[in-house]
1. Once amide H atoms are placed 1.01 Å from N in the peptide plane, what residues at a sequence separation of 5 or more from MET159, or on another chain, have their amide H within under 5 Å of its amide H?
2. Using amide H atoms built in the peptide plane, which far-off residues or other-chain residues are under 5 Å from THR219 H to H?
3. What are the radius of gyration and Dmax of the range 87-221, computed over its Cα atoms and given in Å?
4. Tell me the relative contact order for the range 129-194 as a rounded percent, counting alpha carbon contacts under 8 Å between residues six or more apart.
5. Would you tally the net charge around GLY188, using a Cβ to Cβ cut-off of less than 10 Å, leaving GLY188 out, and scoring K and R as +1, D and E as -1?
6. Under a plain spin-label model, where a point goes 7 Å from the Cα along Cα-to-Cβ, how far apart in nm are LEU100 and ARG37?
7. Where Lys and Arg each count +1 and Asp and Glu each count -1, what net charge lies around LEU232 among other residues with Cβ under 12 Å from its Cβ?
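Computed from the coordinates by the stated procedures, all read-outs in this text should not be read as laboratory data. No experiment lies behind these values; they were computed from the predicted model shown. Using ideal geometry, Cβ is built from the backbone for each residue, glycine included, and neighbour counts are taken over all protein chains shown.
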Amino acid sequence: MHPILGSWGDFTLYTHDVFSVVAILVGLGIYYVELRRRGWLEPRIVWISMAAVLGAGVGMRLATAWERPDWWVTYAALPLSQALEVSGKSIIGAIAGGYLAIAVSKRALGYHRSTGDAYALAIPVATVIGRIGCFLSELPLGTPTTLPWGISVAGSVPMHPTMLYEIGFNLIAAVLVWRYRRRVPVPGDALKLYLLAAGIFRFLVEFLRTSPRQALDLTAPQWILMPLVALLCIHFIRQIQRRAWRIPAAPMPHFEEAPA
């Protein structure tokens with residue numbers, strides 16, 4: 001494991017921070033390429049993208065503050081820049097905050113096009129990069145396990161490598177999105193399909209993580225995920241009822257009668 005990439009005097013370059021920045025840049029790069037490919041680049045989409053980044057930043061902090069409020073008592077005594085550097089970051093909170101910021105900014109700017117599919121590949125790829133940073137940084141693994149792929153850190157008992165589980169899921173998701181996204185007939189539903197699958201997967205993985213338990217012995221991420229997954233399920237139930245994904249039948253060939 002390599003939690004520190006380098007240190008120069010008082011400056012330390014942490015692996016997690018580097019991979020987090022790379023993940024954001026790669027994700028935005030993929031998003032930009034998708035927007036350009038679809039011909040959607042315009043001033044309003046730039047403002048919406050900036051709102052998404054801001055919303056993601058706020059969301060990942062708020063989710064962590066809810067999950068581990070005791071951290072913020074410690075960080076309150078630190079300078080703001082240092083507190084932001086060392087405080088936790090929640091991927092779930094980032095996605096939820098970014099999604100909400102996009103919805104609000106679109107309404108404010110009168111932008112009505114669905115741009116979700118431009119994020120459909122960017123999010124799983126960025127998540128893979130970010131989770132590699134988590135794994136290399138020796139961030140807390142999961143609960144103890146006797147399975148052969150359990151990982152020990154600093155002489156601990158073998159634990160579930162939950163970050164590797166998420167990396168594997170998102171690698172598969174990225175391949176599926178790349179291969180099949182054009183087969184989803186409704187704009188925005190490719191992203192929603194990924195979010196639904198990712199939400200269910202992360203909800204289950206939370207049972208293997210060491211996140212603090214809250215009401216009903218569920219973690220804060222699970223409480224965030226439940227309404228999000230429920231809303232996505234309602235969306236797809238309505239899509240089924242509307243037959244939104246129904247492919248129209250091909251028109252019957254018309255044959256002209258030959259002149260007598």
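1. THR145, ILE151, SER152
2. Those qualifying (amide H under 5 Å, at least 5 residues apart or on another chain) are GLN214.
3. Cα only, the range 87-221: 17.0, 56 Å (Rg, Dmax).
4. Values: 50 pairs, mean separation 17.1, N = 66.
Normalised by residue count, the contact order of the range 129-194 is 26 percent.
5. On the way: positive: ARG113, LYS192; negative: ASP117, ASP189.
Cβ neighbours under 10 Å give a net charge of 0.
6. Taking the two extended label points, one gets 3.1 nm.
7. Working: positive: LYS192, ARG238; negative: ASP189.
Neighbourhood net charge equals +1.
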